[in-house]
Amino acid sequence: MDLIYVVDNDAGRESLSIKGELYKYLVKVRRHKEGDKLTFRSNENLAVAYTYIVESIDPRALHVRLLESAEQKVESSQVLHVGWCVIDTKSVEKVLPMLNELGVKKISFIYCDRSQKNFKPDFNRFGRILESSSSQCGRTDVMEFETLKNIDEFMKKYPNSAVFDFCDTVLSGDEKFETILIGSEGGFSQSEKVLLSKQKVYRLDTPMVLRSETAVVAVASKMLL
């Protein structure tokens, strides 16, 4: 079965008629024709893949017939949970598909001392971005989100979290942790550094100062690939 799939909550029915924007995408962008096979999945259970064959294409609809179905999970073999101090949501949206492709399991958005409090993560919009990303990369588990009011609350909930910050220890990718905390622009405040003083701290092997979103993608790549 093709890893790339189409999300349709009617997936599983014996036949489907695809119209509207999805029709335009499949016919005009992906240029599917009669006889082509397509993989569909439903949001109710993304683990099940349904293979359909294109039987006919009308000017406004594409008609497909179910051939087979099978459970086909596609997810990372490793777990990485990112505690991410809140930054501009536009910056988050730009890298969210990358984090999804890499296999990040969960993101906790935290209002740290240097976060701009006017930024509010829009989980509904993030969900739409992830749906498009997952259908292209084949991922079948759904990234989780939550919001926490400060680092103190985060550390009480995830006391074994590692920290990404300026230090002497370079992240190798072989470390045994599932959660890492990454600051916003400007890093952690002095009071937050005191709060995090007992945690394991890592950096990447680069002399450059990384933006928060660059650090998140780089750390996820190091730990998951």
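The values are calculated or read from the model by the stated rules, or taken from the named source; none is laboratory data. Given the structure is predicted, the values throughout are model-derived calculations rather than measurements. Heads up, the Cβs are rebuilt from the backbone with ideal geometry, glycines too, and the neighbour counts pull from every protein chain shown.
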Candidate set: the stretch 3-17, residues that are part of a loop (DSSP other than H, G, I, E, B) and surrounded by 12 or more Cβ atoms within 10 Å (Cβ to Cβ); chosen: the one modelled with the lowest pLDDT: Leu3
Output for the stretch 43-75, where each listed residue is surrounded by fewer than 16 Cβ atoms within 10 Å (Cβ to Cβ), within 30 Å of Met223 (Cα to Cα) and not charged (D, E, K, R): Asn43, Asn45, Ala47
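Is it true that Ser76 is touching a Gly at 6+ places or on another chain (Cβ under 7 Å) and within 30 Å of Ala162 (Cα to Cα)?
yes
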The listed residue being within 14 Å of the chain's Cα centre (by Cα), assigned by TED's automatic domain parsing to the domain that holds Asn150, modelled with pLDDT of 95 or more and of a type in the set (Val, Ile, Thr), out of Ile107, Ile87: Ile107
